Ligand SMILES: NC(=O)c1ccc[n+]([C@@H]2O[C@H](COP(=O)([O-])OP(=O)(O)OC[C@H]3O[C@@H](n4cnc5c(N)ncnc54)[C@H](OP(=O)(O)O)[C@@H]3O)[C@@H](O)[C@H]2O)c1
């Protein structure tokens, strides 16, 4: 979902882009097959492309699958980052590692970059380890960009927090959304622009690059439903205790984006701005507006 957006915008800005993939060929960029968990493959691809910068948005993002298969989560979300970081260091390429609000416990909320991470599930643990691996790219050569509940128009076969609401409500189907879990929903287009600016300006260290609004998942689903002109009354609020998730979720993993808002020209969008832009993009894609 995010990788496609970054490639689309990087090409629009005139960059030469190699889009690596494992199973699903990308729409844009020079496609290169790569299983990032294999060091020799990573080194071969980085040598071939000889990039100025590497943006790693690949991950095992299914939180419950990570809980079931923690070793696989570690391979994809952490060990593969060490391979990328070593190659980035060897080839003097700047590395942006995309990470997550799930590195935090969720006990506090509105986390800033200086708050200590303390993940509560295997996905969060593997991504935190990935952040540490990114440092192997060398001093002054890496940035960790943390996002939260990323949404946008991506691959149709892989839904997200906003497309799920659209798909279900437009068919008149009821959905249940948790009202006791808070996050900072991040529109993929906004995030891709922030990441590209990080690349171009070589912004260093950890950055919270999520949306700017702390909101619970139920209220966010209602916002998306209403913005899209759908019947938000079909969304039923529930407590997370009623959902049989394998992995524990952080209660409030919302992120403080003040640092990012101060450093970047592309500002983190509010939830309302993100929802409006998401709706506008749908209309552009449908050819209804320019
Ligand atoms: N989605 C969210 O709500 C969310 C929230 C916070 C942070 N993030 C972070 O944002 C980033 C992007 O998330 P997303 O939702 O855009 O992810 P996504 O749609 O699930 O895409 C992840 C991609 O990783 C690739 N991949 C998986 N294993 C690989 C391997 N061994 N080698 C090479 N590629 C591999 C997959 O490629 P193929 O399709 O070709 O197999 C897939 O397209 C991730 O780092 C994620 O942790 C996401």
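The values are calculated or read from the model by the stated rules, or taken from the named source; none is laboratory data. Predicted model only: the values in this text are computed from it and were never measured. As a convention, Cβ positions derive from the backbone with ideal geometry for all residues, glycine included, and neighbour counts pool all protein chains shown.
Observations, loosely collected:
- Condition broken by residue 217, with the remaining ones in (1) near the ligand (Cβ under 10 Å from one of its atoms); (2) crowded, with 21+ Cβ neighbours inside 10 Å satisfied: (1)
- Hits in the stretch 29-51 - residues which are more than 8 Å from the ligand (Cβ to nearest atom) and touching a strand residue (DSSP E or B) at 6+ places or on another chain (Cβ under 6 Å): 29, 30, 31, 32, 45, 49
- Residues (free of Cβ contacts under 8 Å to residues at least 12 places away in the same chain and closer than 16 Å to residue 274 by Cα) located in the stretch 214-235: 226, 229
- Of the residues making up the stretch 38-48, those that are touching a residue at least 12 places away in the same chain (Cβ under 8 Å) and surrounded by fewer than 19 Cβ atoms within 10 Å (Cβ to Cβ) are 38, 39, 43, 47, 48.
- Count - residues of the stretch 65-97 that are over 13 Å from residue 36 (Cβ atoms) and in contact with a strand residue (DSSP E or B) (Cβ under 7 Å, 6 or more places away or on another chain): 3
- Of all the criteria given as (1) surrounded by 21 or more Cβ atoms within 10 Å (Cβ to Cβ); (2) out of contact with any helix residue (DSSP H, G or I) (no Cβ under 6 Å at 6 or more places or on another chain), the one not satisfied by residue 244 is (1).
- Matching strands (runs of 3 or more DSSP E) fully within the stretch 125-208 where at least 3 residues are more than 10 Å from the ligand (Cβ to nearest atom) and over 14 Å from the mean Cα position of the chain (by Cα): 175-178
- Close Cβ contacts (under 7 Å, 6 or more residues apart or on different chains) running from residues in the stretch 49-64 that are more than 14 Å from residue 36 (Cβ to Cβ) and at pLDDT 95 or above to residues that are within 7 Å of the ligand (Cβ to nearest atom) and in a loop (DSSP other than H, G, I, E, B) are absent.
- Residue in the stretch 104-121 that is surrounded by 20 or more Cβ atoms within 10 Å (Cβ to Cβ), farther than 18 Å from residue 1 by Cα, near the ligand (Cβ under 10 Å from one of its atoms) and at pLDDT 95 or above present: no
- Filter pass, residue 26 being more than 10 Å from the ligand (Cβ to nearest atom), in contact (Cβ under 8 Å) with a residue 12 or more places away in the chain and over 14 Å from residue 125 (Cβ atoms): no
- Looking at 282, 275, just one residue is modelled with pLDDT under 95 and within 24 Å of residue 228 (Cα to Cα), and that residue is 282.
- Near pairs, Cβ below 8 angstrom, 6+ apart or cross-chain, from the stretch 165-186 (free of Cβ contacts under 8 Å to residues at least 40 places away in the same chain) to any residue that is surrounded by fewer than 19 Cβ atoms within 10 Å (Cβ to Cβ): 167/159
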